[in-house]
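Here the structure comes first, spelled out in structure tokens, and everything after it is commentary.
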Amino acid sequence: MAALWVGVQTGDVAPGLPAFFPEAAYAQVKAIADPKGDYQARLIGEYRLDLAAANALLGAHARRARLIGVDIPGEYAHWVPPGTCYNRIGYYEVPGARVVYDEDGEVRSFGIASLISWRGVWYVVHLGAVTRSTSGGVVDDPSSGRGQSAASSTC
């Protein structure tokens, strides 16, 4: 999550990539015609937009903001079986995690729409939203304080 935080602070996808679901894993999981193309065009494209939106939320002092932690709502963790969401194989997913940070002495937070476990490591797969109603970046439920996790659908 430290890599995700650097991506948020800079608004740049490159330093945030170690926190993002790996392309090779996505290619194994998805039962679609061009998983690598979808990964680059859609998933990485949306991650880039969402990091920029989160950076804009932090504003001019983004680099001074300090990551406190990521709250994971274990009660929302679930198995996504093969065949769901165009998946060839299953995986564990948890929606509604919260990035908690300190900005100028105030605790604030925003959501991570979806984390996926791959070989025992949790990765961001959708930062701002799983499904989108906009072509721009999304910040999931920015809040003062730690905020509240909310359940959401997988796809």
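Only one entry of Gly105, Gly136, Gly128 meets the criterion of being surrounded by fewer than 21 Cβ atoms within 10 Å (Cβ to Cβ) and either farther than 18 Å from Ala62 by Cα or in contact (Cβ under 8 Å) with a residue 40 or more places away in the chain (or both), and that entry is Gly136.
Is it the case, given these coordinates, that Gly120 is without any contact (Cβ under 8 Å) to a residue 12 or more places away in the chain and out of contact with any Ser or Thr (no Cβ under 7 Å at 6 or more places or on another chain)? Yes: the conditions hold for Gly120. Please go through (1) within 29 Å of Ala27 (Cα to Cα); (2) not in a strand (DSSP E or B) for Arg146 and return the number of the only condition it doesn't satisfy. Going through the list (1) within 29 Å of Ala27 (Cα to Cα); (2) not in a strand (DSSP E or B), Arg146 breaks only (1).
Of everything listed in (1) assigned to a helix (DSSP H, G or I); (2) within 26 Å of Gly11 (Cβ to Cβ), the single unmet condition for Cys85 is (2). Flag not set for Ala60, criterion: of a type outside the set (Lys, Arg) and under 19 Å from Cys155 (Cα atoms). Scanning region 112-128 for residues that are under 8 Å from the mean Cα position of the chain (by Cα) and small (Gly, Ala, Ser) yields Ala113, Ser114, Gly128.
For every residue, the table says whether it meets (1) crowded, with 17+ Cβ neighbours inside 10 Å; (2) free of Cβ contacts under 8 Å to residues at least 12 places away in the same chain; (3) at positive phi; (4) touching a helix residue (DSSP H, G or I) at 6+ places or on another chain (Cβ under 7 Å).
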site	(1), (2), (3), (4)
Gly16	yes, no, no, yes
Phe21	yes, no, no, no
Gln28	no, no, no, no
Gln40	no, no, no, no
Arg64	no, no, no, no
Asp71	yes, no, no, no
Thr84	no, no, no, no
Glu93	yes, no, no, no
Arg98	yes, no, no, no
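No lab work stands behind these numbers, since they all come straight from the coordinates. Fair warning: this is a prediction, and the values are worked out from it, not measured in the lab. Cβ: placed from backbone, ideal geometry, glycine included. Neighbour counts: every protein chain shown.
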